[in-house]
Amino acid sequence: MTSVTELITLGTAAGPAIRGKENGMASALVVDGKYYMVDFGLGCVRAAHQAGLRGQDFVAGFITHLHSDHVGELPAYLLWNWGEPVDGFTSPVGVYGPGRDPQHVRGDKLSGTKDLVSHTLQAFSYDLDIRVTDEARPEMTSLLDVHEIEIPSVEQGAGHRPFVVFEDERVKVTAVLVLHPPVYPAFAFRFDTAHGSVTFSGDTAECPALVELARGTDILVHEAVNLDFFTSMGFSPTFINHQRESHTSPEGAGRIAEACGAGQLVLSHLAGVASVEEWRTRAASTFSGQVNVATSGQRFSVTGAPAAARI
Ligand SMILES: [Zn+2]
């Protein structure tokens, strides 16, 4: 098998809103034929299938935060990629995501990743049970290895310095906490492979910890919001303030890419409407490297080419 790493931006739209043809937020990193998911937004099941990804090669999924536009299709992703009849997973896969929110006043009663998955299994228990006996599929419960990401202690950086979340023979995944108030925790993930690295910002305002995580990364996948769109459409001040406080302008994404020395910038999780050229031009005004405005299903090879080789 050829040894390669490839990023596929399965969906690139922010939500929960449908304002164009792009799928909701989800990405895949394919390493030597095995793949890892980052977020499970609307449309990721079909997008992954169309990209040629099959559950039998799925290793683990990483959830940046629990906004529905990042996890809404996780239940369907598991149900559509499980068992031999669909070339799905038949041995354990990992799910890594946030625990319950300790900062929220009702956080101890609101679901973290473990609840999200266990409630999914309960909600679909009839279907799951039927398919085990009727289609000889393995028990789904025994195939999901769910981890709530532990945030390091203050002495270890309190999540503001990169910490290891996952490691196997193909990837090392590190994370930091990013700034997505009032959501907590919200993570950015960096994947290091033999061929280079890809860093996913998750949803965040301009974040110094992300610069630390993404230092020298080959590809920075960063979110962006076009505040002008929401203002011109008459959205409420509260809504616009959330966008301003917890997301990043294209110029901001460019600044982060420049500060960390990214090989190239891939804009994804685009909130609000703008032309491709507008997204690109605004990010390029603050970043000297290549800017890509990602579309659903787009592929980027990870080659680890030095920044000097940028075109
Ligand atoms: Zn969010």
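Observations
- So Val93, is it open to solvent by less than 30 Å² (accessible area, probe 1.4 Å), closer than 23 Å to Val59 by Cα and touching a Gly at 6+ places or on another chain (Cβ under 9 Å): yes
- Residue within segment 237-248 that is in contact with a Ser or Thr (Cβ under 7 Å, 6 or more places away or on another chain) and within 16 Å of the ligand (Cβ to nearest atom) present: yes
- Within segment 272-311, the only residue that satisfies the criterion of being among the aromatic types (Phe, Trp, Tyr) and either part of a loop (DSSP other than H, G, I, E, B) or at pLDDT below 95 (or both) is Phe287.
Residues checked against (1) at pLDDT below 95; (2) in contact with a His (Cβ under 7 Å, 6 or more places away or on another chain); (3) among the aliphatic types (A, V, I, L, M):
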site	(1), (2), (3)
Gly234	no, no, no
His242	yes, no, no
Ser246	no, yes, no
Gly252	no, no, no
Ala259	no, no, yes
Gln264	no, no, no
Leu270	no, no, yes
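- Condition check for Gly254: in contact with a Phe, Trp or Tyr (Cβ under 9 Å, 6 or more places away or on another chain) and closer than 16 Å to Glu206 by Cα: yes
- Residue that is farthest from the ligand (Cβ to nearest atom), among those in segment 63-87 that are surrounded by fewer than 22 Cβ atoms within 10 Å (Cβ to Cβ) and free of Cβ contacts under 8 Å to residues at least 40 places away in the same chain: Asp87
- Screening Gly254 on (1) open to solvent by 10 Å² or more (accessible area, probe 1.4 Å); (2) touching a Lys or Arg at 6+ places or on another chain (Cβ under 8 Å) shows it passes everything except condition (1).
- Segment 288-304 - residue that is out of contact with any Lys or Arg (no Cβ under 7 Å at 6 or more places or on another chain) and of a type in the set (A, V, I, L, M) and, of those, farthest from Ala271 (Cα to Cα): Val302
- Checked against (1) surrounded by 22 or more Cβ atoms within 10 Å (Cβ to Cβ); (2) part of a loop (DSSP other than H, G, I, E, B); (3) touching an Asp or Glu at 6+ places or on another chain (Cβ under 7 Å), Glu22 passes all but condition (3).
- Exactly one residue among Ala253, Ala209, Ala262, Ala257 is touching a Gly at 6+ places or on another chain (Cβ under 7 Å) and in a helix (DSSP H, G or I), and that residue is Ala257.
- Restricting attention to segment 203-232, the residues being open to solvent by 10 Å² or more (accessible area, probe 1.4 Å) and either among the charged types (D, E, K, R) or within 16 Å of the ligand (Cβ to nearest atom) (or both) number 7.
- Residues in segment 34-46 that are within 20 Å of Gly202 (Cβ to Cβ), away from the ligand (no atom under 16 Å from the Cβ) and open to solvent by 10 Å² or more (accessible area, probe 1.4 Å): Gly43 alone.
- Being over 20 Å from Ala186 (Cα atoms), open to solvent by less than 20 Å² (accessible area, probe 1.4 Å) and under 14 Å from the mean Cα position of the chain (by Cα) is a condition met by at least one residue of segment 47-57.
- Meets criteria (over 11 Å from Met37 (Cβ atoms), in a helix (DSSP H, G or I) and either modelled with pLDDT of 95 or more or open to solvent by 30 Å² or more (accessible area, probe 1.4 Å) (or both)) for Gln103: no
The values are calculated or read from the model by the stated rules, or taken from the named source; none is laboratory data. Fair warning: this is a prediction, and the values are worked out from it, not measured in the lab. Here Cβ is always computed from backbone atoms with ideal geometry, including for glycine, and neighbour counts include all displayed protein chains. Side chains included, ligands, DNA and RNA excluded: accessible areas come from the protein's heavy atoms. Shrake-Rupley method; radii C 1.70, N 1.55, O 1.52, S 1.80 Å.
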